[in-house]
Amino acid sequence: MPLNPFVFDRPVSPVDLIDRDPEVRRLVANLEGGTNTRLSSPRRYGKTSLLARVLEDVERLGMGRVYVDFYGARTTEQVHARIERSYESQLKGPLAKAFAAARRAAGGGGVSTPIGGVSLPAAGGATERALLDLLDLPLRLQSRTGIRIAVAFDEFQEVLSAADAIDGLIRSVIQHHGDAASYVFAGSHPGLMSQLFGDRGRPFYGQAAPLVLGALADDDLADYIDGRFTSSGRDPGAALDWLLGLAEGHPQRAMLLAHLLWDALEPDEPATEEHWERVLAHVEAFVRDEFEAAWGALASVERGVAEAVASADSGLTAGSTLTRFGLTKGGAPPAASRLEAAGILAVDRSRPTGYRLVDPLFARWVAAGRRWA
Ligand SMILES: Nc1ncnc2c1ncn2[C@@H]1O[C@H](COP(=O)(O)OP(=O)(O)O)[C@@H](O)[C@H]1O
Ligand SMILES: [Mg+2]
């Protein structure tokens, strides 16, 4: 029996990536050309999947590649450990040899050759120095091997919570890398990403070309989903349109729904309304805890705004909306901005309130009065 072809719980492998061709081209061109990029999107829009594809492409073009996931790194030590482990496990061939040689030169443990041109912050201790050395590695690897390196820092916004000056440390080193190394900084939290890259007072201000990953087009989703159903002997029938209508182009939500629909079907039996009902009932178990937790973390005014965005038919500050959702003219807009910074809302001028909830399943749950009607 064929396996369910729809992955919803981990990054997809490069061959399974739907569309994203313009973004792949742009990122490959930037990495090759020595331009640093900041890649933003809501969570689960496919940043990590896209990075895997792009790193595979640049490797084929002869560059070295390193992927570092900063998710959950809270301290300078942890940031250091993430980067070190990534270099250790991912460099290949001459770069791996050069890395080992650099370590031997440093006496086995960390790499600690002094670096020119970088002054340590006054408070910088041994940990900061070790991190600076490590960050400077691509430059030294390139001078030994002639190979340029593409580095992807995923969930980069975590460095803001890791230690206050760590973006300064990182910038102080990589600004000397010229085209020896190019970087992609990916992040899901719009507020933190714009704090990192859009705040004049911060070291990365204006330092990387922006690239935003949007929702997937229904046509691309339909081709992919229909193709995978067909090649695995399943028929999505009319449910394909219902799925696209509910998913609103959200990549992970579309894959989750496709996965559940595939599971609900027998071979060569077209999907019916009954199958679709089963999918809707089943999906609740996947999202309920997450939605309860997300709701629980919202302030009262933010809940009102989320409800308004999910179901109001007039503007956010229209009298009828304010009354219906218990909001005030002064309170609603800043709450909407906070939800936008947190990645829960996105601006959408085609909607009555000017926003939509990023997660279409969450929107449905909120609109139904926090149940799965
Ligand atoms: N281009 C894509 N093609 C197919 N599935 C995708 C795509 N982008 C995202 N997905 C779906 O979204 C999920 C999350 O993708 P991921 O790359 O981990 O997103 P992010 O890093 O932005 O949180 C994947 O498991 C997959 O189901
Ligand atoms: Mg990711």
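The values are calculated or read from the model by the stated rules, or taken from the named source; none is laboratory data. Please read these numbers as outputs of a predicted model, since none were measured by experiment. Because the Cβ atoms are built from the backbone with ideal geometry, glycine has one as well, and the counts that use them run over all protein chains shown. Please note that ligands, DNA and RNA were not included when accessible areas were found on the heavy atoms of the full protein model with its side chains. Shrake-Rupley method; radii C 1.70, N 1.55, O 1.52, S 1.80 Å.
Can you work out ³J(HN,Hα) from phi for every residue in the stretch 361-367, in order, using Karplus 6.51 cos²θ - 1.76 cosθ + 1.60 and θ = phi - 60°, giving whole Hz and x for Gly and Pro?
Rounded to whole hertz, the list is 6, 4, 4, 5, 5, 5, 5.
Can you tell me which of 254-262, 200-208, 92-100 comes out highest on packing, and rank the rest after it, using the mean Cβ neighbours within 10 Å?
Values: 254-262: 24.9, 200-208: 14.3, 92-100: 16.0.
For the peptides 254-262, 200-208, 92-100, the packing ranking is 254-262, 92-100, 200-208.
Assign one of three labels to the stretch 298-367, namely rounded, prolate or oblate, based on the Cα gyration tensor with a ≥ b ≥ c the square roots of its eigenvalues; rounded applies when a/c is under 1.5, prolate when it is not and a/b is larger than b/c, and oblate otherwise. Provide the component values of the computation, followed by the final result.
Values: a/c = 1.39, a/b = 1.23, b/c = 1.13.
Rounded, because the longest to shortest axis ratio a/c is under 1.5.
Computed over the Cα atoms of the stretch 35-103, what is the convex hull's projected area averaged over all directions, in nm²? Provide the component values of the computation, followed by the final result.
On the way: hull surface 23.5 nm².
The orientation-averaged projected area of the Cα hull of the stretch 35-103 comes to 5.9 nm².
Whose amide H sits under 5 Å from the amide H of residue 67, counting only residues 5 or more places off or on another chain, with H placed in the peptide plane?
152
Once you sort the root eigenvalues of the Cα gyration tensor of the stretch 218-283 as a ≥ b ≥ c, which label holds: rounded (a/c under 1.5), prolate (a/b larger than b/c) or oblate (the other case)? Display every interim value, and only then the final one.
Numbers: a/c = 1.68, a/b = 1.13, b/c = 1.48.
Oblate, because a/c is 1.5 or more while a/b does not exceed b/c.
With no solvent and one point on each alpha carbon, what is the Debye value of log10 I(q)/I(0) for the stretch 1-85 at q = 0.16 Å⁻¹?
-0.76
Once amide H atoms are placed 1.01 Å from N in the peptide plane, what residues at a sequence separation of 5 or more from residue 149, or on another chain, have their amide H within under 5 Å of its amide H?
Excluding prolines and chain starts, which carry no amide H, the hits are 64, 181, 182.
With θ taken as phi - 60° and the coefficients 6.51, -1.76 and 1.60, list the Karplus ³J(HN,Hα) couplings across the stretch 344-356 in order, rounded to whole Hz; mark glycine and proline as x.
Values, residue by residue: 8, 10, 10, 5, 8, 5, 7, 9, x, 8, x, 9, 9 Hz.
If you wrap the chain's Cα atoms in a convex hull and average its projection over all directions, what's the area in nm²?
For the chain, the mean projected area of the Cα convex hull comes to 21.0 nm².
Hey, what do the phi angles of the stretch 262-267 turn into as Karplus ³J(HN,Hα) couplings, whole Hz, using 6.51/-1.76/1.60 and θ = phi - 60°, x for Gly and Pro?
With coefficients 6.51, -1.76 and 1.60, one gets 4, 4, 7, 9, 8, x Hz.
Which of 170, 149, 344 moves the most in a Gaussian network model of the chain with Cα springs under 10 Å?
Of 170, 149, 344, the most mobile in the Gaussian network model is 170.
In whole percent, and with a 1.4 Å probe on the protein chains, what portion of the accessible area of the stretch 218-283 is carbon and sulfur? Please report the intermediate quantities before stating the final value.
Values: 1280 of 2790 Å².
It is 46 percent, rounded to a whole number.
How big is the charge dipole of the chain about its Cα centre, in debye rounded to the nearest 20, if each Lys and Arg gets +1 on its Cβ and each Asp and Glu gets -1 on its Cβ? Mind showing how you got there, number by number?
Details: 40 positive and 48 negative charges, 342 e Å.
Rounded to the nearest 20 debye, it is 1640 debye.
Whole number please: convex hull volume per residue of the Cα set in the stretch 20-212, in Å³?
On the way: hull volume 20.9 nm³, N = 193.
Hull volume over Cα atoms, normalised by residue count, gives 108 Å³.
Give me, ordered by chain and number, the residues 5 or more places off residue 348 or on other chains with an amide H under 5 Å from its own placed amide H.
Sorted by chain and number, the residues that satisfy this are 355, 356.
From the C-alpha gyration tensor of the stretch 197-330, pull out the three semi-axes of the equivalent ellipsoid (sqrt of 5λ each), sorted largest to smallest, in whole Å. Walk me through the numbers before you get to the answer.
Details: eigenvalues 252, 113, 41 Å².
For the stretch 197-330, the ellipsoid semi-axes come out as 36, 24, 14 Å.
Among 290, 302, 128, which one moves the most in a GNM of the chain with springs linking Cα atoms closer than 10 Å?
290
For the chain, with the dipole built from +1 on Lys and Arg beta-carbon atoms and -1 on Asp and Glu ones, taken about the Cα centre, which of 126, 322, 261 lies farthest toward the positive end?
It is 126, whose Cα lies furthest towards the positive end.
Please report the antiparallel percentage of the DSSP beta bridges confined to the chain, to the nearest 5. Can you show the working numbers first?
On the way: 3 of 22 bridges.
That works out to approximately 15 percent antiparallel.
So what is the calculated 222 nm ellipticity per residue for the chain, using -39500 (n - 2.57) for each DSSP H run with n of 4 or more, over all residues, to the nearest 500 deg cm²/dmol? Write out the running numbers ahead of the final one.
Values: 17 runs with 195 residues, N = 373.
After summing the helix terms and dividing by residue count, I get -16000 deg cm²/dmol.
Pick out, from 106, 27, 345, the residue whose Cα sits farthest towards the positive end of the charge dipole of the chain, with +1 on the Cβ of Lys and Arg and -1 on the Cβ of Asp and Glu.
Result: 106, furthest along the dipole toward the positive end.
Checking the cross-link filter: which aspartates and glutamates have an alpha carbon closer than 12 Å to that of residue 97, excluding same-chain neighbours under 8 positions apart?
Within the straight-line cut-off, residue 97 pairs with 88.
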